[in-house]
């Protein structure tokens, strides 16, 4: 396998730069014909955008290398499935001297519902699908902030998956080849680099908090304080990177691609037009998302009202209030719709309502009051509620905390404060009502 010194040298990154250079050459031909009076306004307009497009392509092609330069030593690496705006924002913060804020953003992302699409991602390759039940439990523990539970599980999954792929060597074995052709995750600055960091020797018991998933220290009981969002986030990021590496191997990217055939001038012009159109669409969406995430702040106490009449339509507290009202009215079908589930598969509302009915029919809600609202991340809020309910004809009083998660109906990131978003609750309190 040919070694590439930089990720930007990989074929998938080099190709757009080559194409834009080819477009410049075509542009010179167009100018030549224009000199003789043969003009095409549409072509001239397209080529007038080339400088900006070239600049953008060159900028984007540098992001993975710059990301690894800043974060690989901290346990984060760039990979194909990493959110591009997230990676770009982290690089910007790190290069401006605020690497702590960058790590917080990365950790918040990889411990939130923004990795929800793992439901599909990890069901394709057999090495992952056979472990999907454990992966799903680790995800649920992550959302519930049970970091002490999900870290060991994720480390075991990481090692086992690689062992199955390489047939006899796990992720933490020094001789395991974690490279692949034309792969960002499997570049020499990626998985191999963090594997060596995670596999560091930990020979003494350590009660100080750690921020790297040291496999030997955690699984051998030497590092005792590993349950934080940084360690969990790095485990998830690594698992996604390993999935990208496995996909690269499956697609046989470890072998150089055959030489591409030369395309015609007409095909070049058509491809250029499509590239410009798609790039402009992506750029508008990309900049809008970045701006909204950058500007988002949790609401202050002054902005928050505990009076239900003040609740905004698309707020987490409004949805939590509706949930309690549905419980009070024994409307189990509506509660089923409000419940958060992994994946996007349509649910059988009648069947799910039956499950909730069996869970709540002996837990009869009498009174409820929201006492606290806390915005955790752009997509997660916690609503604290005091409830009075009847359990087997005995009156019970309890404080429950509902973890609410928002999503956009269009598949984009849902951000607290937007209009037309949906809030769902994680069922983390039903079972606690029995005692």
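Taking the stated definitions as given, is residue 208 in contact with a strand residue (DSSP E or B) (Cβ under 9 Å, 6 or more places away or on another chain) and either assigned to a loop (DSSP other than H, G, I, E, B) or assigned by TED's automatic domain parsing to the domain that holds residue 65 (or both)?
When the stated conditions are applied, residue 208 passes them.
Taking the criterion of being touching a residue at least 40 places away in the same chain (Cβ under 8 Å) and either exposed (fewer than 10 other Cβ atoms within 10 Å of the Cβ) or under 17 Å from residue 369 (Cα atoms) (or both), the residues of segment 293-312 that qualify are 304, 306, 308.
Could you tell me which of the residues 121, 145 is over 20 Å from residue 171 (Cα atoms), in contact with a helix residue (DSSP H, G or I) (Cβ under 9 Å, 6 or more places away or on another chain) and surrounded by fewer than 20 Cβ atoms within 10 Å (Cβ to Cβ)? Only one candidate qualifies: 145.
Could you tell me whether residue 366 is touching a residue at least 12 places away in the same chain (Cβ under 8 Å), over 25 Å from the mean Cα position of the chain (by Cα), outside any helix (DSSP H, G or I) and exposed (fewer than 14 other Cβ atoms within 10 Å of the Cβ)?
For residue 366, the condition - touching a residue at least 12 places away in the same chain (Cβ under 8 Å), over 25 Å from the mean Cα position of the chain (by Cα), outside any helix (DSSP H, G or I) and exposed (fewer than 14 other Cβ atoms within 10 Å of the Cβ) - is met.
Screening 164, 177 for residues that are within 30 Å of residue 61 (Cα to Cα), more than 24 Å from the chain's Cα centre (by Cα) and either modelled with pLDDT under 90 or buried (at least 16 other Cβ atoms within 10 Å of the Cβ) (or both) leaves exactly one candidate, 177. Out of the residues in segment 77-113 meeting the condition of being touching a strand residue (DSSP E or B) at 6+ places or on another chain (Cβ under 6 Å) and assigned to a helix (DSSP H, G or I), tell me which one is farthest from residue 238 (Cα to Cα). Within segment 77-113, the match that is farthest from residue 238 (Cα to Cα) is 113. The set of residues in segment 408-427 that are surrounded by 15 or more Cβ atoms within 10 Å (Cβ to Cβ) and modelled with pLDDT under 80 comprises 413, 414, 427. Considered as a group, the residues in segment 333-354 that are under 24 Å from residue 137 (Cβ atoms) and touching a helix residue (DSSP H, G or I) at 6+ places or on another chain (Cβ under 6 Å) include one that is modelled with the lowest pLDDT, and that residue is 343. Scanning segment 215-228 turns up at least one residue that is in contact (Cβ under 8 Å) with a residue 24 or more places away in the chain, touching a strand residue (DSSP E or B) at 6+ places or on another chain (Cβ under 9 Å), assigned to a loop (DSSP other than H, G, I, E, B) and closer than 15 Å to residue 75 by Cβ.
Residues in segment 335-363 that are within 24 Å of the chain's Cα centre (by Cα) and assigned to a loop (DSSP other than H, G, I, E, B): 340, 341, 342, 343, 344, 345, 346, 347. Looking across 294, 301, one residue alone is in a loop (DSSP other than H, G, I, E, B) and at pLDDT below 90. It is 301.
For segment 81-103, give me each residue that is touching a residue at least 40 places away in the same chain (Cβ under 8 Å) and under 23 Å from residue 158 (Cβ atoms). Result: 81, 82, 103. Scanning segment 378-396 for residues being buried (at least 20 other Cβ atoms within 10 Å of the Cβ), without any contact (Cβ under 8 Å) to a residue 60 or more places away in the chain and either not assigned by TED's automatic domain parsing to the domain that holds residue 328 or not in a strand (DSSP E or B) (or both) gives a total of 0.
The values are calculated or read from the model by the stated rules, or taken from the named source; none is laboratory data. Bear in mind the structure is a predicted one, so any value in this text is a computation, not a measurement. A quick note on method: Cβ atoms are made from the backbone with ideal geometry, for glycine too, and the neighbour counts reach across all protein chains shown.
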